Amino acid sequence: MKWGLNIKFIFITIFIIIFISLIFSIILVYQTRKALLYEFAQRGQSLVKNLALNAELPLLLENTDTLTSLAQNLLREKDVQQVRILNERNTVLVNLGKGRKLWAWQQEKIVYPVYLTPEAQKGSIDDMNLYLSDNRNETPAQNQGQLIGTIEVIFSREGIIVTLNRIRWWIFFSGGIATIIGCLGAVYFSYTLIRPIQRLAQATSSIARGNWEERLEVSREDELGALTDSFNLMAASLIKKKQELEASYRELAQRERMAEIGKFSMMIAHELKNPIGIIKGSVDILAKQDTSKQIKQTMIEYIQGEIKRLNRLIDEFLAFAKPLPPQKIPVDINQIIEKVCTHFMIPEPAQKKIAIHRQLGQVPPIMLDEHQIYQALLNLLTNAAQAIEKQGDIYVKTDCAGSWLRVAVSDTGVGIPDAKKGKVFDPFYTTHAKGTGLGLSIVKKIVEHHGGQINVSDFPGGGTTFTISLPI
Ligand SMILES: Nc1ncnc2c1ncn2[C@@H]1O[C@H](COP(=O)(O)OP(=O)(O)O)[C@@H](O)[C@H]1O
Ligand SMILES: [Mg+2]
């Protein structure tokens, strides 16, 4: 699956937002917990210290009543769970509790050894000789005085745990809200930032596909707006350039057409001049009184020959200048070939010995203009015969290759040099003294009007093969 730019952007941004808000929440929870626990320990320590100061004398006297009321006082504090006061021999003098069973992790135990302190040191906070249950095994710093007992207070952490949970919940809740806002922001940005870029990409490819009219709406003042603006400018200038190019191309084509028409007219004039000259000369001789009957007959034959030639020339010029659209009907091309080979007369000089071989394969009838295809084949056969100097063979072959019907006309004539193969289909290209150079260009036009192609190649033994391929 190919991921679009905005999907990628949204996913990456959401991932970053979630990651950052999670890290922040964890750090915040950790720091709050640390601060709360510190506060809790400080409070516990000062409560125990207070009790120790008040308990010094009753401990010395082992006055359990006073010690009990001191312990009861302390137990009034909400988070004090249990108070134990022991004498210096570790005999429990007071053991008061709220009677609730707590898990180890829910409680905090402070053990405070009470020393008999000189009067001068009393009230000094710095020498607090207590330690938390976590480091119970550590020996407390030995005070100067004599040990007179120990106070053990168990604090409940329940309150702090509830507070901590509440804070934790709030932190994660706000983190969640921040994440949702961030995600919405990412989606919004993706739509306002990436959507225009995507539209730009679509418009670019649309122009590349040829939709020149494609334009984008400029609705922003920022860099994207400027980019869209430049895009529209570029599209407009592209269209302008394209129109200019088309205009100059049309002009060029027009000029080329004019040049071709000029060439064509000159060719016609030149080609018509010769037979007309011969006809005029013959008519002059015929008009003379003293011309013998035999010469008159020869002149008439000249005139008939030249009229035939004029006819052929005009036919070729017309076929080239204004080819009629093909009138297609389903035809068996083999039958056309049979007809053209039968009617084909080897052109002058007739002393040539040429054999025509037909190798006609099984081909389906296809949509053809019979007359035009006949004309095309006749032109190919005429050229083949002209290429043979004294004697040779012409082969006409038909077969099917995939969805193409092929007609190949080969000869054992002089052949066409490779350098000239590209030129033979050009109008007016000829190497024949009396040629017009239009025969092959007419063939090509006819074949192309039938949706086909024509190729020229060497025939083994020095001759040439013209292959027409027509769609079946
Ligand atoms: N079968 C062929 N063998 C050799 N050369 C050929 C053959 N067919 C065509 N040509 C070359 O191509 C040129 C152009 O042929 P074409 O267009 O029929 O004009 P034209 O026959 O009037 O010269 C010919 O003058 C000849 O040089
Ligand atoms: Mg020809």
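The values are calculated or read from the model by the stated rules, or taken from the named source; none is laboratory data. Keep in mind it's a predicted model, so treat the numbers as computed, not measured. Positions of Cβ are backbone-derived with ideal geometry, glycine not excepted, and every protein chain shown enters the neighbour counts. We work out accessible area using only protein heavy atoms, side chains counted, and drop any ligands, DNA or RNA first. Shrake-Rupley method; radii C 1.70, N 1.55, O 1.52, S 1.80 Å.
Summed over the range 270-310, residues that are open to solvent by 60 Å² or more (accessible area, probe 1.4 Å) and small (G, A, S) total 1.
Selection of the range 420-470 for residues being of a type in the set (G, A, S) and either farther than 28 Å from K328 by Cα or more than 11 Å from ligand 1 (Cβ to nearest atom) (or both) yields G422, A433, G435, G451, G452, S457, G461, G462, G463, S469. Pairing residues of the range 412-440 that are farther than 20 Å from L272 by Cβ with residues that are surrounded by 16 or more Cβ atoms within 10 Å (Cβ to Cβ) and of a type in the set (D, E, K, R), at Cβ distances under 7 Å and at least 6 apart in sequence or on separate chains, gives T412/D393; F425/K444.
Within the range 35-69, can you find the residues that are closer than 23 Å to T91 by Cα, in a helix (DSSP H, G or I), open to solvent by 30 Å² or more (accessible area, probe 1.4 Å) and charged (D, E, K, R)? Scanning the range 35-69 gives a single hit, D65.
Does the range 297-319 contain at least one residue that is part of a loop (DSSP other than H, G, I, E, B) and over 60 Å from the mean Cα position of the chain (by Cα)? Taking every residue of the range 297-319 in turn, none turns out to be part of a loop (DSSP other than H, G, I, E, B) and over 60 Å from the mean Cα position of the chain (by Cα). Could you tell me whether the range 329-343 includes any residue that is loosely packed, with under 14 Cβ neighbours inside 10 Å, of a type in the set (D, E, K, R) and over 19 Å from F466 (Cβ atoms)? No, the range 329-343 contains no residue that is loosely packed, with under 14 Cβ neighbours inside 10 Å, of a type in the set (D, E, K, R) and over 19 Å from F466 (Cβ atoms).
Among the numbered conditions (1) open to solvent by 90 Å² or more (accessible area, probe 1.4 Å); (2) in contact with a helix residue (DSSP H, G or I) (Cβ under 7 Å, 6 or more places away or on another chain); (3) in a helix (DSSP H, G or I), the only one that R215 does not meet is (3). The residue list D426, D418 contains one member that is within 14 Å of ligand 2 (Cβ to nearest atom) and surrounded by fewer than 15 Cβ atoms within 10 Å (Cβ to Cβ), which is D426.
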